[in-house]
Structure formats: C-alpha cells, structure tokens
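Right, one structure below, let's go through it.
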Amino acid sequence: MRKKITVVGAGMVGATLGQRVAERDYADVVLVDVIPDMPMGKALDILEAGPVVGYDSLVIGSNGYAETAGSDIVVITSGLARKPGMSRDDLLRKNQEIVTQVVQQVVAHSPECIMIVVTNPLDAMAQLAYKVSGFPRERVLGMAGVLDTARFRAFIAQELHVSVRDVSAYVLGGHGDTMVPLVRFTTVGGIPVSGLIPAERLAEIVQRTRDGGAEIVNLLGSGSAYYAPSAAVAQMIDAIVLDKKMILPCAVYLQGEYGVKDLYVGVPAKLGAGGVEEVIQIELTTEERAALQKSVDAVKELVGVMGI
Ligand code: TXD
C-alpha cells in the first residue's frame with residue numbers, strides 16, 4: 001500500500017511540499033485548502049507533471065477532509081503568512097483559530113497519523129496541535145530546526161567555499177529570534193567551525209541565521225519563504241516514511257529533557273516510522289543553557305497568551 005500524505009494549506013509552502021512529496025514517488029498526496037477549487041487546480045497541475053518527471057503519485061485536491069481519511073502523515077501549513085514588518089507573533093490569534101479547526105478535522109479523519117506542524121508561531125502552534133489532538137507526543141512535531149539549520153549551513157558553506165554536505169550544524173530552541181545556534185557542535189568536514197571562521201564573522205553568520213526568515217520576507221515583498229521550508233518538511237517526511245532514524249532538529253513536547261517540562265521546544269530528535277522516537281540530549285554549557293532558557297520563556301509566554 002502506498003502511503004498517504006495530506007498537506008493542509010495549499011499555499012506557497014503547502015503546494016511546494018506537495019510537489020516535492022509527489023516527486024519522491026513513495027506516497028499519494030492530498031492537498032486541502034479553504035479557497036474554493038484552488039487545491040484541486042494545484043493538485044491536478046502536480047499530477048500532470050508525473051508523466052514528464054516520472055512519478056506515479058496520485059495527487060488530489062479538496063476543500064474538505066473526506067479524501068484525507070486514513071492519512072499516514074498530515075502536514076499543517078494552513079494559516080496566514082507574515083507580511084513585511086509583521087512579527088511571527090502578530091499572527092497568533094488568527095492562526096490559533098485556524099489550527100484548532102484543522103486539527104479537529106485531521107484527528108476525526110486520520111486518528112493514527114503523525115502530524116507535522118509548520119504554521120507560525122511554530123512552537124506555540126505545535127503545542128496547540130498537541131493539546132487539541134490528544135495524540136501522544138511521538139506523533140505531533142513541529143518543523144523549524146531543519147530550516148534554521150539549513151540556513152546556517154548554507155551561509156557557512158558559502159563563507160568557506162565548501163559543499164553544504166560537509167557542514168553539519170545544530171540549532172536548538174524556538175523558531176525565531178530566540179533560536180540557539182550551537183556553534184560548538186557545528187563542523188565542516190568534521191572540523192569545528194570555530195577554528196575555521198573568526199569569532200566576529202561567525203557571530204554575524206549566527207545573527208543572519210536568526211534573521212533568516214525576515215531577510216526573505218523583506219526581499220519577496222509579499223509572502224514568506226517556501227522553497228527551503230518545504231524542503232525541510234520533505235526531509236522530515238523522508239525520515240518517517242523510510243524509517244531512517246535520522247537525527248533532525250524538530251519542535252518536540254519536552255517532558256523533563258533539557259530541564260524543560262510540558263512545552264514544545266526545538267531539540268535534536270530521532271525520526272523514524274514511529275515519529276519522534278527519541279529526544280537526543282546534549283550537555284549544554286552555562287551560556288547555551290541561558291540562551292535556551294530565553295527561548296523557552298518566549299514560547300511559554302505565547303502559550304500563556306493562547307491559554308493552552
Ligand atoms: O519554519 C517554519 N515553521 C515556517 C513557517 C517557514 C515558512 C512558513 N511558515 C508559516 O507557514 C507561515 O508563517 C504560515 O503560518 C504558514 C504557511 O505559509 P505559506 O507561505 O504557505 O502561506 P500561504 O501561501 O498564505 O498559505 C497558507 C494557506 C492559504 O492557501 C490559505 O487559504 C490556507 O492556508 N488556509 C486554510 N487551509 C485550510 N483550512 C483553513 N482553515 C485555512 N485557513 C487558511
């Protein structure tokens with residue numbers, strides 16, 4: 001049986017993800033959106049690329065959830081995108097409403113699915129999806145760390161004129177201004193980056209990573225990043241569908257790990273067929289711990305405002 005992957009929100013991230021998943025040729029794809037006919041149009045367009053690109057994935061669009069029934073993975077991208085000058089947190093209330101309604105539908109139609117949340121503010125929306133779904137934490141995770149890490153890796157690779165494949169990096173914490181790039185665990189061909197890039201320059205690269213989302217928003221003029229975000233979600237889906245046991249930074253509901261309880265925070269996690277199979281714990285320095293705490297406090301505040 002082919003897997004079924006539903007993407008709720010057929011906007012920029014959702015539709016691009018639909019294309020990326022269809023091209024993997026290991027699952028059928030359902031795109032759901034509230035805009036009449038739009039998801040059907042995008043789905044048909046992706047389906048019609050199959051003969052040229054060489055995939056047999058079925059791609060269906062819908063304004064409802066009947067077609068999503070029994071999905072193995074559901075990705076939630078529905079919501080409003082950030083506009084220039086708008087913070088992630090401004091989106092909070094509207095997206096809280098949207099995500100609550102969507103999760104209720106998802107649970108009703110695919111009670112066994114693994115949910116990947118993408119809608120911003122990411123960590124708070126993941127927490128909302130977890131609470132509304134009643135799923136175990138293994139089956140509700142958020143995408144942010146893979147994207148943040150990808151940005152960090154891309155900038156380091158450019159700086160050193162090396163392949164992005166040679167750069168490994170970790171980013172902990174919440175998605176946004178409080179993310180914590182772990183320079184200590186960032187290596188180029190196995191060599192710690194701190195020995196390759198002067199500290200001052202490295203600090204600039206870290207800051208650019210933190211502002212990575214805003215940099216794209218400002219350049220685009222309308223909408224926000226979607227090529228790299230959809231690539232990041234697709235990698236998480238690969239890890240789950242192919243049971244790869246990949247260690248990827250994801251937003252996970254912590255239950256004591258890193259000294260954090262009952263909160264979604266970005267941490268390295270092992271992803272496989274069961275979803276989040278393990279939270280990887282790293283010993284942090286005092287400074288890193290303080291930076292992570294700032295991040296935790298920011299998520300706590302949002303979650304408090306949302307009353308969840
Ligand atoms: O790292 C990350 N987590 C992120 C998050 C990286 C990139 C984008 N990030 C966030 O994802 C962004 O801030 C937004 O909250 C979401 C989706 O971003 P995208 O750029 O795809 O936004 P679009 O193009 O506006 O698409 C959102 C779609 C749009 O077509 C709406 O009609 C639809 O969501 N929408 C709904 N679909 C289904 N059901 C409901 N209720 C609904 N409401 C809106």
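When all protein chains stay in place and ligands, DNA and RNA are ignored, the 1.4 Å accessible-area order of L58, L91, largest first, is L58, L91. For the chain, the alpha-carbon radius of gyration amounts to 0.96 times the rule-of-thumb value 2.2 N^0.38 Å expected for a compact globular protein.
Per residue, the range 179-308 exposes an accessible area of 46 Å² to a 1.4 Å probe, with every protein chain left in place. Computed over the range 118-202, the range of Cα coordinates on each principal axis works out to 46, 22, 18 Å, biggest value leading.
What number, rounded to the nearest 500 deg cm²/dmol, is the helix-based mean residue ellipticity at 222 nm of the chain, given -39500 (n - 2.57) per DSSP H run of at least four residues and division by all its residues? Write down the numbers at each step before the final one.
Numbers: 9 runs with 132 residues, N = 308.
Calculated mean residue ellipticity at 222 nm is -14000 deg cm²/dmol.
Kirkwood radius for the range 174-285, taken over all pairs of different Cα atoms as the inverse mean of 1/r, rounds to 16.0 Å. In a reduced charge model with +1 at each Lys and Arg Cβ and -1 at each Asp and Glu Cβ, the range 158-308 shows a dipole moment near 120 debye about its Cα centre.
Where the only charges are on Cβ atoms (+1 Lys, Arg; -1 Asp, Glu), what is the dipole of the chain about its Cα centre, to the nearest 20 debye? Don't jump to the answer; show the numbers that get you there.
Numbers: 28 positive and 35 negative charges, 43 e Å.
Roughly 200 debye, rounded to the nearest 20.
Distance from the C-alpha centroid of the range 223-240 to that of the range 261-279: 17 Å, rounded to the whole angstrom.
Rounded to two decimals, what is the ratio between the C-alpha radius of gyration of the range 198-260 and 2.2 N^0.38 Å?
Numbers: Rg = 15.9 Å, N = 63, 2.2 N^0.38 = 10.6 Å.
So the Cα radius of gyration is 1.50 times the expected 2.2 N^0.38 Å.
Say the cut-off is 19 Å between C-alpha atoms; which of K4/K42; K131/K300; K4/K131; K270/K294; K3/K131 go over it? K4/K131; K270/K294; K3/K131, as the Cα separations exceed 19 Å there. Here, the range 1-72 has an Rg and a Dmax of 10.8, 30 Å when only alpha carbons are counted.
At a 1.4 Å probe radius, carbon and sulfur cover how many percent of the accessible area of the range 152-293?
Working: 3400 of 6570 Å².
Percent of accessible area from carbon and sulfur atoms in the range 152-293: 52.
Between S163 and E283, what FRET efficiency comes out of the Förster formula 1/(1 + (r/R0)^6) with R0 = 41 Å and r the beta carbon distance, rounded to 0.05?
Values: r = 29 Å, r/R0 = 0.71.
After rounding, the FRET efficiency stands at 0.90.
In the neighborhood of Q207, defined by Cβ-to-Cβ distances under 12 Å, what is the net charge if each Lys or Arg adds +1 and each Asp or Glu adds -1?
On the way: positive: R151, R201, R208, R210; negative: D177, E200, E204, D211, E215.
Net charge around Q207: -1.
Note on the range 18-158: Kirkwood radius taken over Cα pairs, Stokes-Einstein applied at 4 °C and 1.567 mPa s, translational D equal to 79 µm² s⁻¹.
The values are calculated or read from the model by the stated rules, or taken from the named source; none is laboratory data. If you're wondering where the values come from, they're calculated on a predicted model, not measured in any experiment. Note that we place each Cβ from the backbone using ideal geometry, even for glycine, and neighbour counts take in every protein chain shown. Quick note on the areas: whole protein, heavy atoms, side chains included, nothing else; ligands and nucleic acids left out. Shrake-Rupley method; radii C 1.70, N 1.55, O 1.52, S 1.80 Å.
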